[in-house]
Amino acid sequence: MAKALKTIRNKAGDAPIEAALILGSGLSDVGTLLDGKITIPFSELKGFPQGGVSGHGKELLIGEMGGRRIAILTGRQHYYEHGDPAAMRPALETLKQLGVRTLLLTNSAGSLDRDVPPGNLMLIADHINHAGVNPLIGEDTDARFVNMVDAYDPTLRAATHAIAARLEIALKEGVYMWYSGPSFETPAEIRMAQVLGASAVGMSTVPEVILGRFFGMRVWACSSITNMGAGMAEETISHTQTKEVAKWGAEKLMRLLPALVEEL
Ligand code: HPA
């Protein structure tokens, strides 16, 4: 980790990085928004996501957005890749050391809310950790007992709704339920998720939210809805579809995010 920190400082300088943005499947176009961009492949950064999933990038980008210096991770490591819920911990700890105070997370997700069909964004207000594992298992300090009330920063959420209204982007918020993946859910699992109060399902983000709060960051997360939950529509759910439809959400995120970053 110290090595990654040194590599980043050597390439991007010492000026603090205020926020970090992690891009979900099919959302890498968002990275083109950065001005004065410095690109560092994850392969040069020990502890950053190696391996990879199609539709995700493998680079750390540092540059300016909304008048602030931010970092963008064009991809992430998922629990389903290696079975390690703490896989993103070294990367997030490095970002913390670079000065990051706000963590912005994006993902692709299936919707359980018929009013939020594919192509829409859903702001995450809370989550259900259905995967049942936690990235802080094994942490041996009292800091592990992280309070998860208002984990998704209420002030940032309110600001996002105001920006979305101004930009005429439809935006509902809801509860994201984390399934481990990599198989998609069964229709019965989707019905269960609805009964339990979830509005969207996905295979990421929750471990990063827990880690972000552990590191004392303000956390914001938004889903790009790529499909209705399994069994809710005629379509066959696939990763190819996820990557394709995520682009519609990417276009909305590319309008929303610079305005949000400006207000951080
Ligand atoms: N389930 C889980 N993860 C997803 C989905 C889904 O329906 N769509 C995109 N990511």
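The values are calculated or read from the model by the stated rules, or taken from the named source; none is laboratory data. Note that this is a predicted model, so its numbers are computed, not measured. Virtual Cβ from ideal backbone geometry, glycine too; neighbours counted across all protein chains shown. All accessible areas refer to the heavy atoms of the entire protein, side chains included, with ligands and DNA or RNA removed. Shrake-Rupley method; radii C 1.70, N 1.55, O 1.52, S 1.80 Å.
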Pair list, Cβ under 8 Å, 6 or more apart: segment 234-248 residue closer than 17 Å to ASN120 by Cα and part of a loop (DSSP other than H, G, I, E, B), other residue open to solvent by 40 Å² or more (accessible area, probe 1.4 Å) and near the ligand (Cβ under 9 Å from one of its atoms): ILE237/PHE184
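Quick check on this structure: which one of GLY231, GLY212, GLY197, GLY174 is open to solvent by 20 Å² or more (accessible area, probe 1.4 Å) and away from the ligand (no atom under 13 Å from the Cβ)?
GLY197
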Which numbered condition ASP150 misses (of (1) assigned to a loop (DSSP other than H, G, I, E, B); (2) touching a helix residue (DSSP H, G or I) at 6+ places or on another chain (Cβ under 8 Å); (3) more than 16 Å from the ligand (Cβ to nearest atom)): (2)
Scope segment 200-209; condition within 11 Å of the ligand (Cβ to nearest atom) and out of contact with any strand residue (DSSP E or B) (no Cβ under 6 Å at 6 or more places or on another chain); matching residues: MET203
Unique match (being hydroxyl-bearing (Ser, Thr, Tyr) and surrounded by fewer than 23 Cβ atoms within 10 Å (Cβ to Cβ)) among SER224, SER180, SER204: SER180
Test result for MET217, open to solvent by 10 Å² or more (accessible area, probe 1.4 Å) and either within 14 Å of the ligand (Cβ to nearest atom) or at pLDDT 95 or above (or both): no
Subset tally (residues that are in a strand (DSSP E or B) and either open to solvent by less than 30 Å² (accessible area, probe 1.4 Å) or closer than 17 Å to LEU105 by Cα (or both)) for segment 50-67: 6
Of residues in segment 240-252 being open to solvent by less than 90 Å² (accessible area, probe 1.4 Å) and within 9 Å of LEU27 (Cα to Cα), the one nearest to the ligand (Cβ to nearest atom): ALA246
Qualifying positions in segment 153-171 - open to solvent by 20 Å² or more (accessible area, probe 1.4 Å) and assigned to a loop (DSSP other than H, G, I, E, B): ASP153, GLU168, ALA170
Residue match in segment 195-218 (condition: more than 17 Å from the chain's Cα centre (by Cα), more than 18 Å from GLY75 (Cα to Cα) and part of a helix (DSSP H, G or I)): yes
